[in-house]
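First the structure, in the form of structure tokens, and then the observations on it.
Computed from the coordinates by the stated procedures, all read-outs in this text should not be read as laboratory data. As the structure is a computational prediction, the values presented were derived from the model and not from experiment. Virtual Cβ from ideal backbone geometry, glycine too; neighbours counted across all protein chains shown.
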Amino acid sequence: MRFWITGSIGIMAIGVAAMANAKVVTTIVNASTYNTPYTIETGGGNSLTLSTIDKSAYSFSPEAVSTGGGLEVTSLGFPFYSSPQPSVFFANRGGDIGPTTFTGFSSFATPTTIQYSGSESILGFRFDSGSGTQYGYADFTGSNLHGYRVETTPGASVAIGSVPEPAAWALMISGFGFVGAGMRSRRAVAAAA
């Protein structure tokens, strides 16, 4: 059992060190865009606005997107469609959004419906930060925006993974607390012996 606790401490130390060096910024939103659009500002006049224009299926209605500044979102276009349209990925597909993303990127000045976005979806985006192109994505299910991630290193891809909900963060933090309490009680037993 002592090895497990030592191993856990080592893994936690590696995880904390990785978080300290991480260049991905995660913003948890948990907001509905059903009645009020939500705008993600990335700086330099770049923005992405999610809204619900087709309210036929409430929370599973497809999202619509509009962009501002030089921000562009993942988009299928020629040869798949005659004109570009915003496209999403499955949230649990893995992979990344970056320079090698399969789809192209396009801007949409007016709200444009994102096909097949009624289920959990990832909408990739890119923008020029002034020091190079940065990549990110919004994570949403229908009209419920969970959050978004942005890679702060210009030119680097951002790995796809669901943005954790507050309950997941609380569970993880309480788990660290239980590990810490277990370590303290072991020290007390060892000192008494």
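List of remarks:
- The overall shape of the stretch 76-147, judged from the alpha-carbon gyration tensor, is rounded, with an a/c ratio under 1.5.
- Residue exposure sequence - Ile40, Ile53, Ile97 - by fewest surrounding Cβ within 10 Å: Ile53, Ile40, Ile97
- Panel order for Tyr137, Tyr116, Tyr38, Tyr148, by other beta carbons found within 10 Å of each beta carbon, from fewest to most: Tyr116, Tyr38, Tyr148, Tyr137.
- Per-residue Cβ neighbour rank within 10 angstrom, fewest leading, Phe108, Phe125: Phe108, Phe125
- Here, P(r) means the percent of Cα pairs in each 10 Å bin from 0 to the largest distance; for the stretch 34-161 it is 14, 48, 33, 4, 0.
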